[in-house]
Amino acid sequence: MNARLAAVSMMTPAQLKDEWQGVTKTPCPRLSRKLLSLALAWEIQAKAFGGLSRQTQQKLAQLADGKTRTTSVSAGMQFAREWQGKVYVVTTGDDNVVRWNDRDYRSLSEVARAITGTRWSGPAFFGLKRKLAA
């Protein structure tokens with residue numbers, strides 16, 4: 001892969017476009033040669049090492065959209081939510097496992113679903129996802 005990345009810096013604009021289409025299977029964006037070579041290098045590395053995590057992709061999409069902001073969950077946080085007259089308290093452990101009602105859950109969304117019986121966004125249900133002012 002190192003040789004392939006080194007070759008990117010030596011490619012002509014036409015070669016970069018061809019390589020882009022070969023790597024991404026999408027039309028080449030209209031970028032400067034320098035920016036296209038950086039983007040192509042990133043794409044090659046993403047194919048080799050897996051690219052961005054789902055969480056990072058979601059965060060970037062949310063930032064680009066500019067309509068909402070979600071606070072990140074970290075170990076030791078505690079959330080309280082009143083739902084239909086009852087208060088529910090959820091905690092995240094040092095292992096980032098979400099705990100409620102003496103059970104472990106993988107996410108706040110799973111807890112929200114268990115409480116409400118319907119599919120909810122956990123961050124929205126517990127007040128971590130907020131709309132931005134227009």
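In plain terms, the chain from T24 to D65 could stretch by 12.4 nm, reckoned as 0.36 nm per residue minus the Cα-Cα distance.
Of all the options L60, L35, L52, the one that moves most in a Gaussian network model of the chain with Cα springs shorter than 10 angstrom is L35. Relative contact order of the chain: 16 percent, from C-alpha pairs under 8 Å at least 6 residues apart in sequence.
Residue by residue, the stretch 35-52 carries 3J(HN,Hα) couplings of 5, 5, 5, 5, 4, 5, 4, 4, 4, 4, 5, 5, 5, 6, 10, x, x, 7 Hz when phi is fed to the Karplus relation 6.51 cos²θ - 1.76 cosθ + 1.60 (θ = phi - 60°); x denotes Gly or Pro.
Note on the chain: with neighbouring protein chains present and a 1.4 Å probe, carbon and sulfur make up 52 percent of its accessible heavy-atom surface. One decimal place: the segment D94-R33 gains 17.3 nm when fully extended, by the rule 0.36 nm per residue minus the C-alpha distance. Projected label points at A124 and L5, each 7 Å from Cα along the beta carbon direction, are separated by 3.9 nanometres. What is the ratio of the Cα radius of gyration of the chain to 2.2 N^0.38 Å, with N the residue count, to two decimals? Here the Cα radius of gyration is 1.53 times the empirical estimate. Normalised by residue number, the volume inside the convex hull of the Cα atoms of the stretch 40-93 is 123 Å³ per residue. Among V87, V97, V111, the largest mean-square fluctuation in a Gaussian network model of the chain (Cα springs under 10 Å) belongs to V87. For the stretch 61-78, backbone phi angles converted through the Karplus equation (6.51, -1.76, 1.60; θ = phi - 60°) give residue-by-residue couplings of 5, 5, 5, 5, 5, x, 9, 9, 9, 10, 6, 6, 8, 10, 4, x, 6, 10 Hz, Gly and Pro being listed as x.
Listed by chain and number, the lysines whose C-alpha is less than 24 Å from the C-alpha of K67, apart from same-chain residues fewer than 8 away, are K59, K129, K131. Size of the stretch 24-64 from its Cα atoms: along the principal axes, largest to smallest, the extents are 30, 25, 18 Å.
The values are calculated or read from the model by the stated rules, or taken from the named source; none is laboratory data. Note that the coordinates shown come from a computational prediction; the quantities given were computed from them, not determined experimentally. Ideal geometry is used to build each Cβ from the backbone, glycine not excepted, and the neighbour counts take in all protein chains shown. Remember, those area values only see protein heavy atoms, side chains included, never the ligands or the DNA or RNA. Shrake-Rupley method; radii C 1.70, N 1.55, O 1.52, S 1.80 Å.
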